[in-house]
1. Against the condition within 16 Å of the ligand (Cβ to nearest atom) and under 16 Å from G262 (Cα atoms), how does V139 come out, does it pass?
2. Determine, yes or no, whether G257 is surrounded by 20 or more Cβ atoms within 10 Å (Cβ to Cβ) and touching a residue at least 12 places away in the same chain (Cβ under 8 Å).
3. Could you list, in sequence order, the residues of segment 210-240 that are near the ligand (Cβ under 7 Å from one of its atoms) and of a type in the set (S, T, Y)?
4. Might you let me know whether segment 33-52 holds any residue that is at pLDDT below 95, out of contact with any Phe, Trp or Tyr (no Cβ under 9 Å at 6 or more places or on another chain) and closer than 16 Å to N247 by Cα?
5. List, please: which pairs have Cβ atoms under 7 Å, are six or more places apart or on different chains, and start with a residue in segment 41-67 that is farther than 14 Å from V87 by Cβ and end with one that is more than 8 Å from the ligand (Cβ to nearest atom) and among the aromatic types (F, W, Y)?
6. Is at least one residue of segment 164-176 within 14 Å of the ligand (Cβ to nearest atom), modelled with pLDDT of 95 or more and over 19 Å from the mean Cα position of the chain (by Cα)?
7. Could you please find all residues in segment 67-100 being in contact with a Leu (Cβ under 6 Å, 6 or more places away or on another chain) and more than 17 Å from I45 (Cα to Cα)?
8. Within segment 145-155, identify whether any single residue is at pLDDT 95 or above, touching a helix residue (DSSP H, G or I) at 6+ places or on another chain (Cβ under 9 Å), under 21 Å from E244 (Cα atoms) and not aliphatic (A, V, I, L, M), and answer yes or no.
Amino acid sequence: MSWRSLSGSASINRPRQEAPITSSLFNPEAFSGKVAFVSGAASGIGAATALRLADLGARLVLADWDKTRLDAFVETIGSDDVLALHVDVTTTASVEEAIASAIGHFGGLDLAVNSAGIDMPRCETASYPSEQWDRIIAVNMTGVFNAVRHQIPAMLARGGGSIVNVSSVMGFRGFAGQPAYTAAKHGVIGLTKTAALDHAAQGIRINAVAPGFIDTPLLSHLSEENRQAAAALHPMQRVGQPGEITNVILFLLSDAGSFVTGACFDADGGYLAK
Ligand code: NAI
């Protein structure tokens, strides 16, 4: 039997829509005027992404639990098109209110990056504190669910959108002493795939990125010795910089990723290739 008769359609391999060809990977002007929600925006990967989106002319809804730090960060952006919101992603009402504010302020939502996350001291599973488990799952996994749960309807009202969730290499591998963090990050990938399936036909793409260790305040608790050890886990023998994750996030958000959904992109100096 030929492939054509199996597929039932000779045109199945024809692109439905040609992506625009530009001299750069994505058309930077395509971000201009887009409304982008970033959680965990006061620091690290979220802040780096917010800065790049602002440079590209996006209108920003920046959400963080740490409002003081967020307000200080917003001062440095130098754009008037910023709505800074005190949001706790663990609370569905807080996220719902933030999305409603975004719609009220900017008229809708096109893009979202869910980067809010926490880390806590390592502890082996048999003695891992339940409260620590609950807190990490609440922020790093339920927080992403609360976000996409409210971002998707807002994007549907616009006819489409693109969401990137920040997972981790620990979304693919175990890591001794980190049962909650690894469980949450595996969960983010499962959630990303399922949400992508649920809304693929409605013009919403939902992807994830899996960073290796990145030089942000999240790693501030590491001693210099542990920092060196973390760097050595990567074949590139270094940790990454927040902007190196932002590059992948922008690709996934942009039309350059127009046929990518339900995917998780590694940006990890080769960590997962081992
Ligand atoms: P970060 O600590 O620099 O930034 C995280 C931000 O999330 C902070 O501004 C914090 O206030 C905010 N946040 C925490 N709990 C929140 C809550 N309940 N509601 C709203 N905002 C909240 O950390 P970083 O490194 O930028 O982390 C961003 C994401 O990247 C996280 O999801 C983290 O798990 C993930 N990641 C980080 C890696 C790293 O080595 N730095 C490696 C792999 C993934």
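1. Numbers: within 16 Å of the ligand (Cβ to nearest atom): yes; under 16 Å from G262 (Cα atoms): no.
Taking the combined requirement at face value, the residue does not satisfy it.
2. Details: surrounded by 20 or more Cβ atoms within 10 Å (Cβ to Cβ): yes; touching a residue at least 12 places away in the same chain (Cβ under 8 Å): yes.
So G257 fits the description; yes.
3. Selection gives T216 alone.
4. Going through segment 33-52, the residues at pLDDT below 95 turn out to be none.
For segment 33-52, residues at pLDDT below 95, out of contact with any Phe, Trp or Tyr (no Cβ under 9 Å at 6 or more places or on another chain) and closer than 16 Å to N247 by Cα: absent.
5. Within 7 Å, the pairs are A47/F73; L53/F31; L56/F31; G57/F31; A58/F31; R59/F106.
6. Step one: of segment 164-176, the residues within 14 Å of the ligand (Cβ to nearest atom) are 164-173, 175.
Next, from what is left, pick out any that are modelled with pLDDT of 95 or more: 164-173, 175.
Imposing the further condition that a residue be over 19 Å from the mean Cα position of the chain (by Cα) reduces the set to 175.
Yes, the conditions are met somewhere in segment 164-176.
7. V82, A98
8. Step one: list which residues in segment 145-155 are at pLDDT 95 or above, which gives 145-155.
Next, only the ones that are touching a helix residue (DSSP H, G or I) at 6+ places or on another chain (Cβ under 9 Å) stay: 145-155.
From what's left, under 21 Å from E244 (Cα atoms): none.
Checked segment 145-155: no residue is at pLDDT 95 or above, touching a helix residue (DSSP H, G or I) at 6+ places or on another chain (Cβ under 9 Å), under 21 Å from E244 (Cα atoms) and not aliphatic (A, V, I, L, M).
The values are calculated or read from the model by the stated rules, or taken from the named source; none is laboratory data. Quick caveat: nothing in here was measured; it's all calculated off a predicted structure. Cβ coordinates were reconstructed from backbone atoms using ideal geometry, including for glycine residues, and neighbour counts include every protein chain displayed.
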